[in-house]
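All remarks here apply to the structure that follows.
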Amino acid sequence: KQEVTQIPAALSVPEGENLVLNCSFTDSAIYNLQWFRQDPGKGLTSLLLIQSSQREQTSGRLNASLDKSSGRSTLYIAASQPGDSATYLCAVSSADRGSTLGRLYFGRGTQLTVWP
Amino acid sequence: DAGVTQSPTHLIKTRGQQVTLRCSPKSGHDTVSWYQQALGQGPQFIFQYYEEEERQRGNFPDRFSGHQFPNYSSELNVNALLLGDSALYLCASSLGDRGRRNEQFFGPGTRLTVL
């Protein structure tokens with residue numbers, strides 16, 4: 001069974017810092033990996049998706065890398081801002097294009113607070 | 001282009017009651033998945049619907065059931081509610097097997113409180 005772990009569980013930093021959020025998964029046979037942002041009590045907003053054949057994806061101040069063989073992904077946030085405060089969730093989907101395609105396995109998230 | 005929509009936004013029920021949650025997928029998507037997110041936890045997969053059939057199911061009891069309609073919208077039904085069913089229920093849509101990227105798009109969720 002796939003298990004996803006995110007470290008750290010919480011992070012509090014001053015505005016302007018560069019951040020690294022970590023995600024690890026136990027089964028390297030993944031189809032893709034998604035990073036999501038979740039504001040309190042709200043739904044999930046997709047930030048980046050990395051296919052299993054890719055090494056990284058970038059969107060604005062966000063960069064996500066994937067090392068499938070070691071079961072790790074990193075989300076890098078440059079020049080953090082108070083508006084980045086949220087919970088960041090990592091999720092992987094299985095490589096089996098049969099019954100498990102589309103099912104996401106989530107970590108518990110990293111709760112980020114950026115203070116002015 | 002409307003994203004994934006869910007209704008209602010909030011719901012309060014008492015133990016033993018039944019509840020129905022609704023989801024409309026993103027335009028052009030044909031696959032709907034449901035997740036349960038307890039406070040402080042990551043979302044847990046309940047089940048997925050494609051072509052009006054349940055394709056796969058997570059580790060949830062039979063009290064949780066669903067349905068997908070010909071227009072791809074979906075319902076989640078929970079019978080005999082327990083206090084532990086209190087959670088945020090999230091719906092996600094995707095292109096299923098036609099979507100190479102298999103990117104999942106989530107709705108705003110329904111907050112269910114069981115008293």
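The values are calculated or read from the model by the stated rules, or taken from the named source; none is laboratory data. The model shown is predicted, which means the values in this text are computed figures rather than measured ones. Cβ: placed from backbone, ideal geometry, glycine included. Neighbour counts: every protein chain shown. Calculation scope for accessible area: heavy atoms of the full protein, side chains included, ligands and nucleic acids excluded. Shrake-Rupley method; radii C 1.70, N 1.55, O 1.52, S 1.80 Å.
Which residue out of B:Tyr35, B:Tyr49 is within 24 Å of A:Arg108 (Cα to Cα), assigned to a strand (DSSP E or B) and open to solvent by less than 20 Å² (accessible area, probe 1.4 Å)?
Step by step, each of B:Tyr35, B:Tyr49 is checked, and only B:Tyr35 is within 24 Å of A:Arg108 (Cα to Cα), assigned to a strand (DSSP E or B) and open to solvent by less than 20 Å² (accessible area, probe 1.4 Å).
Here's a check for you: in the stretch B:1-16, which residue that is surrounded by 13 or more Cβ atoms within 10 Å (Cβ to Cβ) and not small (Gly, Ala, Ser) is farthest from the other protein chains (Cβ to nearest Cβ)?
B:Lys13
Please tell me if A:Gly83 is over 14 Å from the mean Cα position of the chain (by Cα), open to solvent by 40 Å² or more (accessible area, probe 1.4 Å), more than 9 Å from chain B (Cβ to nearest Cβ) and closer than 30 Å to B:Thr9 by Cα.
yes
Select from the stretch B:56-115 the residues that are buried (at least 19 other Cβ atoms within 10 Å of the Cβ) and part of a helix (DSSP H, G or I) and write down the one among them that is farthest from the chain's Cα centre (by Cα).
Looking at the filtered set, the residue picked out is B:Gly96.
Yes/no matrix, rows are residues, columns are (1) under 30 Å from B:His10 (Cβ atoms); (2) open to solvent by less than 70 Å² (accessible area, probe 1.4 Å); (3) more than 13 Å from the chain's Cα centre (by Cα):
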{"position": "A:Pro14", "(1), (2), (3)": "no, yes, yes"}
{"position": "A:Asn18", "(1), (2), (3)": "no, no, yes"}
{"position": "A:Phe25", "(1), (2), (3)": "no, yes, no"}
{"position": "A:Asn32", "(1), (2), (3)": "no, yes, no"}
{"position": "A:Thr45", "(1), (2), (3)": "yes, no, no"}
{"position": "A:Gln54", "(1), (2), (3)": "no, yes, yes"}
{"position": "A:Leu66", "(1), (2), (3)": "no, yes, no"}
{"position": "A:Gly71", "(1), (2), (3)": "no, yes, no"}
{"position": "A:Ile77", "(1), (2), (3)": "no, yes, no"}
